[in-house]
Amino acid sequence: MLTKFSSSRFLGMVFAFLQKFKQQRIRTFSLLFAVGLGLTLAVSACSPSASNNSGTTQTTSPSPVASGTTIRIGYQKTSTVLYALKARGELEKAFAASGSSVTWSEFPAGPPLLEALNAGSIDFGYTGESPPIFAQAGGVPLVYVAYDPWSPRAEAILVPKDSPIKSVAELKGKKIAFVKGSNANYLLLKALEKAGVQYSDIQRVTLTPADARAVFERKNVDAWAIWDPYLAAAEAATGARTLADATGLAPNRGYYLAAKSFVDSKPDALKIVLEQVKKVSNWAKNNHSEVAKFLSPALGIDVPVLEIAEKRRDYDVLPLTEEVITKQQEVADTFYKIKLLPKEIKVKEVVWQGKVNNS
């Protein structure tokens, strides 16, 4: 018994040392990453994919959640489910029995969240459909682990209420605001394509949602491609008219993503995370008014406006099917076609082969 106790104590000391070393290494790398990301993406556009990004085959032996493990979650306030999961504290409770902990890092958008995943400072997060495409092209070792259906009605191309523009075809030669490389950018591409208008035939004004809202209200642009809840807020405040939403044009899905190292080494922890995400997702799906009240203080948007946004979106945590992967590949191919994506990618190479609990 003494030998067994001594060995366990020794292993515990080694584990604690390695954890401390790993945390220090991550902090150092994160500082360097902020400077080096642009160069990394530029080089990756001309280089083959890194070997650790070629698939999701496990490279280390999976094991149960180890005591002392820290699960690091990246979230955005507009990512309703993860933001609510943080507020409710359910994930911490789920890991408490194993002596593990959870840390949360807030990000303003999907791209910087995935930069943090690349730096090794978070394990899990959620973004719209476009950021992971660009991250994969840049060599970020990410894995799609589930998707959220969101809704094609939750994004649209808006024009001012008194605009003479009545169809997407009339956008030819006009100024259109949108976030470059976003879901709304993809919607705009598909809407123009359907209307027979070349992407090169519009005046592209790439702005953040806040800046785009300002120029839209001043009528310095003719149209604005945007998503909820900014979409609902603009409609309520300005009476903006929807020229086209994403119905029949773009899937407008969200994706739960994890670091490949986390998927490979801590599959049990990943499953616990997804189980808790699923529970909160089910709550959000069935409580639109409560979700609106919860989000209003954080987003600075009135409850009635958020209720409109909530009623036209959906929630769920679903496994990636062949159909979903194919649609996501179409998004990637479209961005590559217009040279916005630096190189071709294969989405299926970074899709998790595990199972999402749909109970």
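The values are calculated or read from the model by the stated rules, or taken from the named source; none is laboratory data. Treat the numbers as computed from the prediction; the structure is a model and nothing was measured. Every residue, glycine among them, receives a Cβ derived from its backbone with ideal geometry; neighbour counts consider all protein chains shown. The accessibility values were calculated without ligands, DNA or RNA, using every heavy atom of the protein model including side chains. Shrake-Rupley method; radii C 1.70, N 1.55, O 1.52, S 1.80 Å.
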Exercise. How big is the Cα convex hull of the range 295-359 in projection, averaged over all directions, in nm²?
Worked result: 7.4
Exercise. If you bin every alpha carbon distance in the range 88-150 into 10 Å steps from zero, what whole percent lands in each bin?
Worked result: 19, 45, 29, 7
Seminar exercise, completed: With no solvent term and unit scatterers on the alpha-carbon positions of the range 144-203, Debye gives log₁₀ I(q)/I(0) at q = 0.18, 0.23, 0.28 Å⁻¹ of -0.69, -1.02, -1.37
Exercise. Measuring from centroid to centroid over Cα atoms, what is the spacing of the range 73-115 and the range 197-273 in Å?
Worked result: 21
Exercise. Ignoring ligands and nucleic acids, what accessible area does V143 show with a 1.4 Å probe (Å², nearest 10)?
Worked result: 0
Exercise. Any idea of R313's accessible area? Nearest 10 Å², probe 1.4 Å.
Worked result: 30
Problem set entry | Qualifying lysines (Cα of each under 30 Å from Cα of K279; at least 8 residues distant if same chain) | K77, K86, K93, K260, K266, K271, K293, K311, K327, K348, K355
For this session: Calculate, axis by axis, the spread of Cα positions in the range 75-210 along the three principal axes, and write the results as whole Å, longest axis first.
Result: 61, 33, 24
Seminar exercise, completed: 1/(1 + (r/R0)^6) with r = Cβ-Cβ of A214 and A298, R0 = 22 Å, i.e. FRET efficiency to nearest 0.05, evaluates to 0.55
Exercise. Order of 332-345, 114-127 by packing, highest average Cβ count within 10 Å first?
Worked result: 114-127, 332-345
Seminar exercise, completed: Expressed in angstrom, Rg and Dmax over the Cα atoms of the range 235-288 are 17.7, 51
Problem set entry | Quotient of C-alpha Rg and 2.2 N^0.38 Å, computed over the range 238-333 | 1.34
